Amino acid sequence: MKITRQKHAKKHLGFFRNNFGVREPYQILLDGTFCQAALRGRIQLREQLPRYLMAETQLCTTRCVLKELETLGKDLYGAKLIAQKCQVRNCPHFKNAVSGSECLLSMVEDGNPHHYFLATQDQNLSMKVKKKPGIPLMFIIQNTIVLDKPSPKTIAFVKAVESGQLVSVHEKQSIKQLKEEQGLVRDVEQRRRKRRKVSGPNPLSCLKKKKKTQDTNSSASEKKRKRKRIRNRSTSKVLSEKQNAEG
């Protein structure tokens, strides 16, 4: 039974790894219901999760989950202790805390870019997670940890990507990384900067225009001087001719 369960987990992990870029160490987001189920089933999460997934894991939670467990009181004191030993991931509800389910759902938005696993016993949260592609879902049943098979939404998304209708978040990240390695992103930014510089006014062109006006003014003044010289020469000739005639 244990061998078949690990085979299924290995198969599901391969699917998420190949299609969504899930990688080790696997980051598993826990909510209060999963911690409570682990406590009742006497499951040592730090030992059994890596053994079940056959890889290194990181147990994570959020501030909203911890605050929710604190408000629920003594009944979930043991679950709170388990959650407090997990790594706390930053959520967008720093000022105003929300429910644990709402918080964890927000952590896997926009294509689950951090490749979180979500571990919960909350059926409503599980249904919402299954409507989003690319999120590995975990739960506890009969005191054993189970990695759920990919949801129909996830399988449909992968088929759409394979047919070329969609581009996965993992593919977008790999394309961006390749562009950065080849320097294509920098070239595009430099071109944009050059275009912006060309479109702006050139102060040198204004200075050249001023020089031209000065040149035209100086040439006009020179022409006037030449005309005056010609006139002076003509008047001097007339006076000299008159003097010769009188003599």
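The values are calculated or read from the model by the stated rules, or taken from the named source; none is laboratory data. Just so you know, these numbers come straight off a predicted model, no measurement behind them. Note that we place each Cβ from the backbone using ideal geometry, even for glycine, and neighbour counts take in every protein chain shown. Quick note on the areas: whole protein, heavy atoms, side chains included, nothing else; ligands and nucleic acids left out. Shrake-Rupley method; radii C 1.70, N 1.55, O 1.52, S 1.80 Å.
Overview of values
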| quantity | calculated |
| --- | --- |
| Only listed residue being open to solvent by less than 40 Å² (accessible area, probe 1.4 Å), among the β-branched types (Val, Ile, Thr) and under 23 Å from the mean Cα position of the chain (by Cα), chosen from VAL65, VAL88, VAL129 | VAL129 |
| Members of region 34-46 that are open to solvent by 40 Å² or more (accessible area, probe 1.4 Å) and under 16 Å from ALA119 (Cα atoms) | LEU39, ARG40, GLN44, ARG46 |
| Output for region 91-108, where each listed residue is in contact (Cβ under 8 Å) with a residue 12 or more places away in the chain, more than 22 Å from GLU24 (Cβ to Cβ) and open to solvent by 10 Å² or more (accessible area, probe 1.4 Å) | CYS91, PRO92, HIS93, PHE94, ALA97, VAL98, SER99, SER101, GLU102, LEU105, SER106 |
| Criterion (of a type in the set (A, V, I, L, M), modelled with pLDDT under 95 and surrounded by 14 or more Cβ atoms within 10 Å (Cβ to Cβ)) met by exactly one of VAL169, VAL188 | VAL169 |
| For GLN142: the one exception among (1) polar (S, T, N, Q); (2) at pLDDT 95 or above; (3) out of contact with any Asp or Glu (no Cβ under 9 Å at 6 or more places or on another chain) | (2) |
| Pair list, Cβ under 7 Å, 6 or more apart: region 151-165 residue part of a loop (DSSP other than H, G, I, E, B), other residue not small (Gly, Ala, Ser) | SER151/LYS130 |
| Residue count for region 1-40, restricted to those that are over 32 Å from the mean Cα position of the chain (by Cα) and not in a helix (DSSP H, G or I) | 1 |
| Test: residue in region 72-83 that is in contact with a strand residue (DSSP E or B) (Cβ under 8 Å, 6 or more places away or on another chain), under 26 Å from PHE20 (Cα atoms) and surrounded by 15 or more Cβ atoms within 10 Å (Cβ to Cβ) | no |
| Matching option when the condition is open to solvent by 40 Å² or more (accessible area, probe 1.4 Å) and closer than 20 Å to LYS10 by Cα, among ILE141, ILE135 | ILE141 |
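Every residue, every condition in (1) farther than 28 Å from PRO152 by Cβ; (2) not hydrophobic (A, V, I, L, M, F, W, C), yes or no:
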position: ASN19; (1), (2): no, yes
position: ASP31; (1), (2): no, yes
position: GLN44; (1), (2): yes, yes
position: ALA55; (1), (2): no, no
position: LEU69; (1), (2): yes, no
position: CYS86; (1), (2): yes, no
position: PRO92; (1), (2): yes, yes
position: PRO113; (1), (2): no, yes
position: GLN121; (1), (2): no, yes
